[in-house]
Amino acid sequence: VVSECTLCGGLYFFEFVSCSAFLLSLLLLIVYCTPVHDRVDPGKVKSSDFYITLGTGCVFLLASIIFVSTHAGTSAEIAAIVFGFIASLMFLLDFVVMLCEKRQENQLRKPENSARAEALTQPLNA
């Protein structure tokens, strides 16, 4: 969409990050929506999604900041910058949601494990 640029390094990096984010998101979508999801360990898929989302959000934010510092001010560049910041915000927000779910999941597991440990330490003849 951007036809001209004076400092093209920021634009090229932004385009690379945008395409990479699209392809990684498409890969995760394919894994979740096809029978491949049943063939791989669900824990590994969630872990991969967790780290890919964090990495993509951080790199997208970095690419947007670099693009802001090198853009020429055309309307197409400004639209791309706004898209970049919104996309990075959404990736990071999704990461925060996954982090909260992971913490809740860990808190639900802890009482079960501590109750079992106490039950196992009781003497059998008491």
Any idea how many residues of region 21-37 are closer than 18 Å to Val82 by Cα and aromatic (Phe, Trp, Tyr)?
1
What tally of residues in region 1-60 results from selecting those that are basic (Lys, Arg) and under 22 Å from Ala76 (Cα atoms)?
0
What about Thr53, is it open to solvent by less than 70 Å² (accessible area, probe 1.4 Å), polar (S, T, N, Q) and modelled with pLDDT under 90?
no
Does Gln122 qualify as being exposed (fewer than 14 other Cβ atoms within 10 Å of the Cβ) and modelled with pLDDT under 90?
yes
Region 1-20, residues that are loosely packed, with under 11 Cβ neighbours inside 10 Å and farther than 17 Å from Ala87 by Cα
Val1, Ser3, Glu4, Thr6
Please list, ordered by first then second residue, the pairs with beta carbon atoms under 6 Å, 6 or more apart or interchain, first in region 52-80 and touching a residue at least 12 places away in the same chain (Cβ under 8 Å) and on the phi < 0 side of the Ramachandran plot, second hydrophobic (A, V, I, L, M, F, W, C) and not in a helix (DSSP H, G or I).
Thr70/Leu7; Ala76/Val1; Ala76/Val2; Glu77/Val2
Selection within region 56-69 - crowded, with 18+ Cβ neighbours inside 10 Å and of a type in the set (S, T, N, Q):
Thr56, Ser64
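The values are calculated or read from the model by the stated rules, or taken from the named source; none is laboratory data. Just so you know, these numbers come straight off a predicted model, no measurement behind them. Reconstructed Cβ throughout: ideal geometry from the backbone, glycine too, with neighbour counts over all protein chains shown. Side chains are part of the model used for accessible areas, which takes the heavy atoms of the whole protein and leaves out ligands, DNA and RNA. Shrake-Rupley method; radii C 1.70, N 1.55, O 1.52, S 1.80 Å.
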